[in-house]
Amino acid sequence: MKTVALARWLADEYGARIEGAAAGRVRLLPLRGEEGEAGLDDVEIAVYGPYEGPLSFRELADRMPGLHWIHSTGAGIDSFASPGLAERGVIVTNSAGVYAPAMAEYAIAAMVAIARDFRRLIAQQDERCWNHEEISGRELYGKRVGIVGYGLTGRYLAGVCKALGMEVWATKRRPMLIEGEPVDRLLPAHGLHELLGASDYVVVTASLNSTTRHLLGDTEFSALKPGAGLVNIARGGLVDQDALLRALDDGRVGGAVLDVVVPQPLPVESRLWTHPHVIVTSHISGGSPEGWARSMDLFLWNLPLYLDGEVGRLGNVVDLRDHL
């Protein structure tokens, strides 16, 4: 009997399905993430997700000496990846791709918001100001989007953008053939500046690790096509926010929609809240009930494989060392 640790709300929502998929071979340990919770020594499997208590998941994992597999309900694992877990040989699966439809739809809405200056239009509504303009904004059709990080979410977004008549460029850390892919040009990571200089919109979907922190800074914003729009749906740490504000102030960036920032929550005194060309949302781009259901479906598909000792067949396995 193996112990599965997970947040209480996940146990309430999915507990019966987990026990059914495991065919009686697991015991659930619902946790709040508080000091003094019993049973951590017995945990072999842990589901990373929002815990209510003050302890971070990284702190919880450090208190699970028998931990062997973590399933992340998100695509990113930067919040808990550590050298210690890598040294212990902990298997990690993530939910890359399961939130792609929601995140792609958010990115499209964000580009439209920049193109049509929705921040200004909503402010006019708040002021009950009817200001008819013969020309108000631009179309996405015919524009070039640069996707920074051509993973599962980036690929899904590329397909949607192509359907809207956009030209799609992307960067990818590992090269691949683009035949059959929804991209017009796929550049290696070192081609980032070329992509930035050619794109009308830049959407960040890359993962955060030691090599990508502040991937976009002063140098990159100087390379950006003047007036281009920026959308970040990945991780706040990928963008140097001070450099972004400087680029917004001098017009190098025409507008930005940020679903992720550093720190989270964003302090009330941050200029990002009040900048006239910035829209900030609270890390919600992938937050759909359909996405959460797909994440748990992935865990339920993997669980019997793990229990049968077929760890080589687990889906969405990620290498912790790539995220340190």
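The values are calculated or read from the model by the stated rules, or taken from the named source; none is laboratory data. Since we're looking at a predicted model, the values are computed, not measured. Ideal geometry is used to build each Cβ from the backbone, glycine not excepted, and the neighbour counts take in all protein chains shown. Calculation scope for accessible area: heavy atoms of the full protein, side chains included, ligands and nucleic acids excluded. Shrake-Rupley method; radii C 1.70, N 1.55, O 1.52, S 1.80 Å.
Tabulated results
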read-out: Residue identified as small (Gly, Ala, Ser), without any contact (Cβ under 8 Å) to a residue 40 or more places away in the chain, open to solvent by less than 10 Å² (accessible area, probe 1.4 Å) and in contact with an Asp or Glu (Cβ under 8 Å, 6 or more places away or on another chain) among Ala170, Ala158; value: Ala158
read-out: Among the residues listed as Arg128, Arg120, the single one being more than 23 Å from the chain's Cα centre (by Cα) and touching a residue at least 40 places away in the same chain (Cβ under 8 Å); value: Arg120
read-out: Residues satisfying the stated conditions in the range 274-293, i.e. modelled with pLDDT under 95 and surrounded by fewer than 17 Cβ atoms within 10 Å (Cβ to Cβ); value: Gly287, Pro289, Ala293
read-out: Subset of the range 81-103 [closer than 15 Å to Leu152 by Cβ and touching a strand residue (DSSP E or B) at 6+ places or on another chain (Cβ under 9 Å)]; value: Thr93, Asn94, Ser95, Ala96
read-out: Whichever residue in the range 95-119 is touching a Gly at 6+ places or on another chain (Cβ under 7 Å) and open to solvent by less than 10 Å² (accessible area, probe 1.4 Å) and, among such residues, is farthest from Ala163 (Cα to Cα); value: Ser95
read-out: Complete set of residues in the range 54-87 that are open to solvent by less than 10 Å² (accessible area, probe 1.4 Å) and outside any loop (DSSP other than H, G, I, E, B); value: Leu60, Ala61, Trp69, Ile70, His71, Ser72, Leu85
read-out: Matching residues, the range 127-145, being of a type in the set (Asp, Glu) and more than 18 Å from Val231 (Cβ to Cβ); value: Glu127, Glu133, Glu134
read-out: Which numbered condition Ile18 misses (of (1) part of a helix (DSSP H, G or I); (2) more than 23 Å from His283 (Cβ to Cβ); (3) touching an Asp or Glu at 6+ places or on another chain (Cβ under 9 Å)); value: (3)
read-out: Near pairs, Cβ below 6 angstrom, 6+ apart or cross-chain, from the range 93-115 (under 30 Å from Gly251 (Cα atoms) and in contact (Cβ under 8 Å) with a residue 12 or more places away in the chain) to any residue that is among the aliphatic types (A, V, I, L, M) and in a helix (DSSP H, G or I); value: Ala104/Leu157; Ala104/Val160; Ala107/Leu157
read-out: Test: residue in the range 258-273 that is buried (at least 19 other Cβ atoms within 10 Å of the Cβ) and either without any contact (Cβ under 8 Å) to a residue 12 or more places away in the chain or outside any loop (DSSP other than H, G, I, E, B) (or both); value: yes
read-out: Matching residues in the range 188-204 - criterion: being in a strand (DSSP E or B) and either of a type in the set (Phe, Trp, Tyr) or open to solvent by 10 Å² or more (accessible area, probe 1.4 Å) (or both); value: Pro188, Tyr201
read-out: In the range 131-143, residue nearest to the chain's Cα centre (by Cα) [restricted to those that are open to solvent by less than 60 Å² (accessible area, probe 1.4 Å), closer than 18 Å to Gly255 by Cβ and not aliphatic (A, V, I, L, M)]; value: Lys143
read-out: Filtered residues of the range 23-43 (kept if within 18 Å of Thr73 (Cβ to Cβ) and either open to solvent by less than 50 Å² (accessible area, probe 1.4 Å) or at pLDDT 95 or above (or both)); value: Val26, Leu28, Leu29, Pro30, Leu31, Gly33, Val43
